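Report on one structure; see the data block that follows.
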Amino acid sequence: MRRHDRGLHLTMVSPLVTAVSDLQRTEGLGALITVIDGPDLGDAVVVDRQGNVLTQNQAWLTDEVLGDAVSLMDREESKSLTYGDRRTFIDVIAPAPVMLIFGAGHVAQPLSLFARELGFRVVVSDARATWATEERFPNVDELIVGWPNATFERYPPDHRTYVVLLSHDARFEVPVFNEVHGKRLRYLGAMGSRRTHGMRVERLRSEGWSEEEISKIHGPIGLDLKAKSPAETAIAILGEVILVRYGEGSGESLFGTDVAIHTG
């Protein structure tokens with residue numbers, strides 16, 4: 001590439017680079033939409049979760065494309081889609097979702113480790129200083145020795161928050177449910193037997209939780225893998241989290257089926 005051509009190329013792409021960098025710096029949710037086949041090949045725009053175009057608009061950026069981009073942002077899924085004779089790639093730009101783990105028991109150790117490998121910002125919270133130690137949780141993003149309200153003060157729950165309650169001790173459970181009531185969480189899972197969860201549901205009903213709100217609680221937590229060890233239980237929990245995160249899949253074995261293994 002000649003010197004002046006390279007300079008022109010950098011000038012053309014710099015607004016895209018700037019918009020993407022701004023989203024990443026502010027931990028905003030957005031998408032880089034690029035035409036990868038057909039007319040306008042190579043054209044690209046950056047949009048945010050509200051559907052605002054952060055770079056120069058393009059005629060091919062229709063309401064349908066924007067709507068699909070917003071839907072993919074909510075699922076944190078990048079995907080190629082075809083519109084007429086154009087094929088686009090919608091590359092979602094998303095900050096790491098937050099997983100708040102309440103209860104620093106044996107399951108929390110592998111769960112926090114595996115969750116970080118899946119790209120979560122992991123916070124472990126427990127008021128028991130002998131359990132919530134750096135030696136037991138050396139790789140978490142933050143370890144909070146305190147009651148749940150201290151954690152929620154630092155991490156106010158929103159639609160990208162995953163709450164995992166690993167203790168059904170009332171001292172931990174009641175404050176957690178009080179804090180998340182009425183909040184738009186991405187995931188709320190609670191440890192306990194079916195009997196324990198049944199009593200939990202009755203208590204929440206008496207406290208004004210609606211049936212719709214209660215139905216969104218994953219309790220007993222996790223997929224049915226007949227897990228025995230803490231690590232296996234952590235995998236069962238994260239399997240359910242992944243299902244919720246992307247909003248697709250059945251959670252059943254792929255063996256003996258002809259369903260698509262990957263989407264996009």
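The values are calculated or read from the model by the stated rules, or taken from the named source; none is laboratory data. All of these numbers come straight from a predicted model, not from anything done at the bench. Every residue, glycine among them, receives a Cβ derived from its backbone with ideal geometry; neighbour counts consider all protein chains shown.
Residues that are assigned to a loop (DSSP other than H, G, I, E, B), in the same structural domain as Trp209 (by TED's automatic domain parsing), at negative phi and surrounded by fewer than 16 Cβ atoms within 10 Å (Cβ to Cβ): does the range 165-175 have at least one? Write out each step before concluding.
Residues of the range 165-175 that are assigned to a loop (DSSP other than H, G, I, E, B), as a first pass: 166-169.
Subset that is in the same structural domain as Trp209 (by TED's automatic domain parsing): 166-169.
Checking the rest, the ones that are also at negative phi come to 166-169.
Filter once more, so that each one left must be surrounded by fewer than 16 Cβ atoms within 10 Å (Cβ to Cβ): 169.
Checking the range 165-175: at least one residue is assigned to a loop (DSSP other than H, G, I, E, B), in the same structural domain as Trp209 (by TED's automatic domain parsing), at negative phi and surrounded by fewer than 16 Cβ atoms within 10 Å (Cβ to Cβ).
Within the set of pairs 6 or more residues apart or between chains, which connect a residue that is within 25 Å of Ser193 (Cα to Cα) inside the range 147-175 to a residue that is of a type in the set (Gly, Ala, Ser) and in a helix (DSSP H, G or I) with Cβ atoms less than 7 Å apart?
So the pair list comes out as Leu166/Ala108.
Based on this model, can you work out whether Thr196 counts as surrounded by fewer than 20 Cβ atoms within 10 Å (Cβ to Cβ), assigned to a loop (DSSP other than H, G, I, E, B) and of a type in the set (Ser, Thr, Tyr)?
Working: surrounded by fewer than 20 Cβ atoms within 10 Å (Cβ to Cβ): yes; assigned to a loop (DSSP other than H, G, I, E, B): no; of a type in the set (Ser, Thr, Tyr): yes.
So Thr196 does not fit the description; no.
Residues that are touching a helix residue (DSSP H, G or I) at 6+ places or on another chain (Cβ under 7 Å) and of a type in the set (D, E, K, R), at least 1 per element: which helices (runs of 4 or more DSSP H) completely within the range 41-158 meet that?
Details: elements: 63-75, 108-117, 148-154.
Passing ranges, in order: 63-75.
Tell me which residues, restricted to the range 9-23, are over 12 Å from Val45 (Cα atoms) and either at pLDDT 90 or above or among the aromatic types (Phe, Trp, Tyr) (or both).
Ser21, Asp22, Leu23, listed by residue number.
Can you name the number of the only condition in (1) of a type in the set (A, V, I, L, M); (2) touching a His at 6+ places or on another chain (Cβ under 8 Å); (3) under 18 Å from Tyr155 (Cβ atoms) that Met191 fails?
Of the numbered conditions (1) of a type in the set (A, V, I, L, M); (2) touching a His at 6+ places or on another chain (Cβ under 8 Å); (3) under 18 Å from Tyr155 (Cβ atoms), the odd one out for Met191 is (3).
Name the residue that is surrounded by the fewest Cβ atoms within 10 Å (Cβ to Cβ), counting only residues in the range 133-164 that are closer than 16 Å to Val98 by Cα and among the hydrophobic types (A, V, I, L, M, F, W, C).
Ala150
When the range 226-249 is examined, which residues are found to be in a loop (DSSP other than H, G, I, E, B) and modelled with pLDDT of 75 or more? If you could, list the steps in order and put the result at the bottom.
First, the residues of the range 226-249 that are in a loop (DSSP other than H, G, I, E, B): 226-229, 247-249.
Within the range 226-249, Lys226, Ala227, Lys228, Ser229, Gly247 qualify.
Identify, from the list Thr133, Thr151, Thr88, the residue that is at pLDDT 95 or above, in contact with a strand residue (DSSP E or B) (Cβ under 6 Å, 6 or more places away or on another chain) and in the same structural domain as Phe172 (by TED's automatic domain parsing). Steps first, please.
Details: Thr133 fails: in contact with a strand residue (DSSP E or B) (Cβ under 6 Å, 6 or more places away or on another chain); Thr88 fails: in the same structural domain as Phe172 (by TED's automatic domain parsing).
The match here is Thr151.
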